[in-house]
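Read through the structure below, which is laid out as structure tokens, and then see the notes.
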Amino acid sequence: MQRTASRTGHYRKLTIRAPLTVRPKGVEEIVAVLTNSRRFPSPVRPVGAGSGNARCVGVQGGTICDMTAMNRVLQIRSRSVKVQAGMRLRDLARKLAKYDLELVGSYEQLDRTVGGLISSGSLSAGLPDDGAHLASTVTGVGIVTAQGQIVEYGESLPEMLDLVRQGYGLIGIVYSVTLKIRKIRSYSIRNRKVGFAELVTIVPSLARTATGVKLFLLPFRDRIYIELRDANVSDQKPGSFAWKVRDWISNRILPDIVHSVGKIVPVGRIRDPLIDGFSAATQMLVNTRFVDVGSNAMEQTGQFRKIGPSSRISYCTWLYPADKFGAALYSYREFCRRHYAITGFRCDLPAVGYRISQDRSALLSPSFDGPVFALNLRTTNTDDWDDFLLDFAKIATHFGGIPSLNQTRGFTADQVAGAYGRRLDRFKAFRRRFDPENRLLNQFFAEFVG
């Protein structure tokens, strides 16, 4: 299929080749795509929820393999579950909860597919003995190689799992995943409110603490709400109603209100303090009044935390080594204020931070070298969002910023090389060996891992 735009005079005809989209329902259909390059042109890129950086799935003239029709649970055991790659994380969590089971970690971005999540990093405020990323809990994976071969890798081939985990679908298209699971465990929640200067001083202890850590950052109020999660030693169970209300307020009401205020109130000196007031009140309410006990299962079955095309929230995630996060936080506050003073743009939702444990289960894990903190920037105001991210990316490097290739925007090839170092070189060599004809390599990934 082609879409052609013509111009008169001396301008030449511009031809834009639209991608072909296929939606396989079984592994044989993926094989048929990869073995027929005339009918299904290269590059072929798998897509799940569509939540990633738009360029990472861009395939001008190529083939998009929409995996969302492959969404079944294949097998549930006491300590593992095997699912098709297109199953949404929320749907899997709900299925497991019926059997009093849960995933080994409080992974967010519930609309993402399992295949997409294990092919990149995850955001989680889990306890230290949880998986740092969903990919960390993968014990088996089925892929279709660039040549159309069906192969399965388990823990007997750890070097192959290391490549496929957080491998961005560049070693092969993931069609099935086996994950660790466990009986539902509850955790207790403690909350604390601090300023940026105080948080900078306690970041080292937060990096070492044997608790889950989640942060809500309001740079224009100089305020941070800390949520700490401890393994619950009591028999207290989380209340589903309280978690549903928290989910509704945080992920539906607050974004809708700030977006509406941004549209209705044109004067920044009136609009922006209102937005900050709503955000601060929301954080005070949901982080100190609603829940003091939770579980991964309870958090992951919420219905209002949307991402991708169905969400009004845009986001971008940078990760920082734990020993540099304090300085990065202070720089983030100053950057937001300076950028706003110059351009008038600011994110209208609190940024969210996560402490993520060290993870050596994937060659391209952003926390391979040690624990990191993720900083997830969020906004419903996208008028000057791209310029904000480009400017922010320039300062991220000064504090060891690590981009996630499909969840970060505005980064450069030099930043990727600096963050992943020799591991990136090793991954490039393996990728070329498994896909010498670049069947799975689009222009975006060619810039960074080609």
Hits in segment 339-373 - residues which are assigned to a loop (DSSP other than H, G, I, E, B), free of Cβ contacts under 8 Å to residues at least 60 places away in the same chain and either hydroxyl-bearing (Ser, Thr, Tyr) or in contact with a Lys or Arg (Cβ under 8 Å, 6 or more places away or on another chain) (or both): 347, 368
Residue 300 surrounded by 22 or more Cβ atoms within 10 Å (Cβ to Cβ), closer than 24 Å to residue 263 by Cα, in contact with a Ser or Thr (Cβ under 9 Å, 6 or more places away or on another chain) and at pLDDT below 95: no
Matching entry among 156, 136 (being free of Cβ contacts under 8 Å to residues at least 60 places away in the same chain, outside the structural domain of residue 405 (by TED's automatic domain parsing) and small (Gly, Ala, Ser)): 156
Boolean, residue 211 is hydroxyl-bearing (Ser, Thr, Tyr), surrounded by 18 or more Cβ atoms within 10 Å (Cβ to Cβ) and at pLDDT 85 or above: yes
Scan of segment 51-67 for residues that are buried (at least 18 other Cβ atoms within 10 Å of the Cβ) and part of a loop (DSSP other than H, G, I, E, B), ordered by number: 51, 52, 53, 59, 62, 67
Looking only at segment 266-277, and only at residues there that are at pLDDT 90 or above and surrounded by fewer than 20 Cβ atoms within 10 Å (Cβ to Cβ), the one that is farthest from residue 248 (Cα to Cα): 270
Test: residue in segment 148-162 that is of a type in the set (Val, Ile, Thr) and either crowded, with 19+ Cβ neighbours inside 10 Å or not in a strand (DSSP E or B) (or both): no
Answer from 315, 340, 330 - the residue that is modelled with pLDDT of 90 or more and closer than 29 Å to residue 131 by Cβ: 315
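How many of the residues making up segment 36-50 are touching a residue at least 12 places away in the same chain (Cβ under 8 Å) and surrounded by fewer than 22 Cβ atoms within 10 Å (Cβ to Cβ)?
Of the residues in segment 36-50, 5 are touching a residue at least 12 places away in the same chain (Cβ under 8 Å) and surrounded by fewer than 22 Cβ atoms within 10 Å (Cβ to Cβ).
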Residue 431, sole failed condition from (1) in a helix (DSSP H, G or I); (2) under 21 Å from residue 51 (Cα atoms): (2)
Count of residues meeting criterion [assigned to a loop (DSSP other than H, G, I, E, B) and buried (at least 24 other Cβ atoms within 10 Å of the Cβ)] in segment 92-107: 2
Residue check, residue 175 buried (at least 24 other Cβ atoms within 10 Å of the Cβ), in contact (Cβ under 8 Å) with a residue 24 or more places away in the chain and assigned to a strand (DSSP E or B): yes
Members of segment 121-140 found to be in contact with a Phe, Trp or Tyr (Cβ under 6 Å, 6 or more places away or on another chain) and in a helix (DSSP H, G or I), listed by number: 134
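The values are calculated or read from the model by the stated rules, or taken from the named source; none is laboratory data. Computed from a predicted structure; not experimentally measured. Note: ideal-geometry Cβ built from the backbone for every residue, glycine included; neighbour counts use all protein chains shown.
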